[in-house]
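Trainee: Quick one: the structure is below, questions incoming.
Throughout, read-outs are computed from the coordinates displayed, never taken from laboratory work. Keep in mind that what you see is a predicted model, and the values were worked out from it rather than measured. All Cβ positions, even for glycine, are placed from backbone atoms using ideal geometry, and neighbour counts span all protein chains on display.
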Amino acid sequence: MTESPALKKSPLHERHVALGAKFAEFGGWEMPLEYSGVVAEHTAVRTSVGVFDVSHLGKATVKGPGAAAYVNSCLTNDLGKITPGQAQYTLCCAEDGGVVDDLIAYLHADDDVFLIPNAANTAEVVRRLAERAPEGVVVTNTHDDYAILAVQGTDSDAVVAAIGLPTGHDYMSFAVADFGGTPVVVCRTGYTGERGYELVVPNEGAVAVFDALLKAGEQYNIVPAGLGARDTLRTEMGYPLHGQDISPEITPVQARSGWAVGWKKEHFWGDEALRAEKAAGPARILRGLRAVGRGIPRPHMAVVDPAGTALGEVTSGTFSPTLKKGIALALLDAAVKEGDQVAVDIRGRQEAFEVVKPPFVTVHVRES
């Protein structure tokens, strides 16, 4: 019998054990799923502040003369629209337009780009970039070298500032600061819809930063939050998850992520296929579904019209702690429109849902 490879662990793993975390596998990493409970952690982020360990997210560098221009010729979004000190959401697509991964690109300089892909896709993104890199441009997988902490919620500024790190900069901009001799990248971003920051910290400084955040956040009732709450928070905002709402089989045109495509650029991976699909119109589109009754949708559940005709399937589905009802993202026939009534087959029972445009909730500071 062949044993499964050991799961990687965050440099904060022992802290999570001490805090009573329940763990689950995420992209080959053993990460906290919850501590006090998904709903409690979700609510804390929506009303005060929470801190997530998202160190399983990938990290890679692209360095050398023309590094930024090279990345811009590969990934979908237009890196030329931002300046050093800013970050950008972008997509790595295959030639057929499918999404290999979605990631954040941090532009440090024209010759220095830092990438944060998803955990399971890091090696493939690095491989694709490295094998086509021009002479002098070096692509390095630094997945295991950094921790990433996400401080999210209305009190995130106060907590981050209390440990001496910079706050108040524009959304998707970042600053590099010193914390006890450790360089920390502080970016105004997140995956929750609330105001927040993601801190990229070398592994050796991760425990000290994490401990300081929890100490400084005591007066704001900060909670450590697991990836279960991160998923319900992002679903309430309608943010896609790779492998579910976008994937090698689901293009950005279908996922309504065309805003992350630099359509005016001369070239990017998958451009011909995506331009053709955009011009023709996609056959299916990612829509939001909000329960009319008490049904809780889950991925892969069938969506049908009132006559029982198949329309598509749920890609992400959950109970919304804020709305106290079921919500979903679903890939549906393009003929389905907002305001339509549909049904989700939940274990053989047809539950009514309304087609809506995400986000499903209104947050204090919507980051988009």
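Trainee: Sort Thr140, Thr43 so the one with the fewest other Cβ atoms within 10 Å of its own Cβ comes first. List each step's numbers first, then the result.
Mentor: Numbers: Thr140 13, Thr43 16.
Ranked by crowding around the Cβ, least crowded first: Thr140, Thr43.
Trainee: Tell me the volume per residue, in Å³, of the convex hull enclosing the alpha carbons of the range 60-141. Could you put the intermediate results ahead of the total?
Mentor: Values: hull volume 6.2 nm³, N = 82.
About 76 Å³ per residue, rounded to a whole number.
Trainee: Here is a further query. For every other residue with a beta carbon closer than 13 angstrom to the beta carbon of Leu75, add +1 if it is Lys or Arg and -1 if Asp or Glu, then tell me the sum.
Mentor: Taking every other residue near Leu75 into account, the sum is 0.
Trainee: Counting other C-beta atoms within 10 Å, which of Phe174, Phe268 has the fewest, and how do the rest follow?
Mentor: Phe268, Phe174
Trainee: Summing +1 for each Lys or Arg and -1 for each Asp or Glu, what net charge is found among the other residues whose Cβ lies under 12 Å from the Cβ of Asp101?
Mentor: Spelling it out: positives minus negatives among the neighbours equals 0.
Trainee: Further, regarding this structure: In the chain, with Lys and Arg counted as +1 and Asp and Glu as -1 at Cβ, which of these residues, Gly28, Val159, Asn118, has the Cα nearest the positive end of the dipole, that is, farthest along it?
Mentor: Val159
Trainee: Which three numbers, in whole Å and largest first, are the semi-axes of the equivalent ellipsoid of the chain derived from its Cα gyration tensor as √(5λ)?
Mentor: Result for the chain: semi-axes of 32, 28, 18 Å.
Trainee: Taking the Cβ-Cβ separation of Ala6 and Ala120 as r and a Förster radius of 25 Å, what is the calculated FRET efficiency to the nearest 0.05?
Mentor: With R0 = 25 Å, the Cβ-Cβ based efficiency is 0.95.
Trainee: Now for a separate question. Can you tell me which of Thr142, Thr235, Thr154 moves the most in a GNM of the chain? Springs connect C-alpha atoms under 10 Å apart.
Mentor: Of the options given, Thr142 has the highest mean-square fluctuation.
Trainee: Could you compute the FRET efficiency for Ala276 and Thr83, with r as their C-beta to C-beta distance and R0 at 22 Å, rounded to 0.05?
Mentor: It comes out at approximately 0.10.
Trainee: Show me the trypsin sites (Lys or Arg not before Pro) within the range 170-225 that DSSP assigns to loop and that have at most 12 other Cβ atoms within 10 Å of their Cβ.
Mentor: Within the range 170-225, no trypsin sites (Lys or Arg not before Pro) qualify (loop, at most 12 other Cβ atoms within 10 Å).
Trainee: What pairs from Lys9/Lys215; Lys8/Lys265; Lys8/Lys81; Lys22/Lys324 go past 27 Å between their alpha carbons?
Mentor: In this structure, Lys8/Lys265; Lys8/Lys81 lie more than 27 Å apart at Cα.
Trainee: Next question, about the same structure. How many angstrom lie between the C-alpha centres of the range 297-338 and the range 48-85?
Mentor: If you average the Cα positions of each part, the centres end up 32 Å apart.
Trainee: Set the Förster distance to 22 Å, then compute FRET efficiency between Ala283 and Ala352 from the Cβ-Cβ distance, nearest 0.05.
Mentor: 0.30
Trainee: Right, another one. Using a simple charge model, +1 on the beta-carbon of Lys and Arg, -1 on the beta-carbon of Asp and Glu, nothing else, what dipole does the range 258-356 show about its Cα centre, in debye to the nearest 20?
Mentor: Computed about the Cα centre, the dipole is about 400 debye.
Trainee: What list of ³J(HN,Hα) couplings, whole Hz, do you get for the range 235-242 from phi and the Karplus terms 6.51, -1.76, 1.60, once you set θ to phi - 60° and write x for glycine and proline?
Mentor: 5, 4, 8, x, 6, x, 10, 5
Trainee: Normalise the Debye intensity by I(0) for the range 258-356, one equal point scatterer per Cα, no solvent, then take log10 at q = 0.18, 0.19, 0.22 Å⁻¹ and round to two decimals.
Mentor: Values returned for q = 0.18, 0.19, 0.22 Å⁻¹ are -0.79, -0.84, -1.00.
Trainee: Compare Leu233, Leu165, Leu79 in a GNM of the chain, Cα atoms joined below 10 Å, and give the one with the largest fluctuation.
Mentor: Judging by the Gaussian network model, the answer is Leu165.
Trainee: Continuing with the same structure: Relative contact order of the range 258-356: what whole-number percent is it, with Cα pairs under 8 angstrom and at least 6 residues apart?
Mentor: Relative CO of the range 258-356 lands at 30 percent.
Trainee: In what order do Glu249, Glu30, Glu25 fall by count of nearby beta-carbon atoms within 10 Å, going from fewest to most?
Mentor: With the sparsest Cβ surroundings first, the list reads Glu249, Glu25, Glu30.
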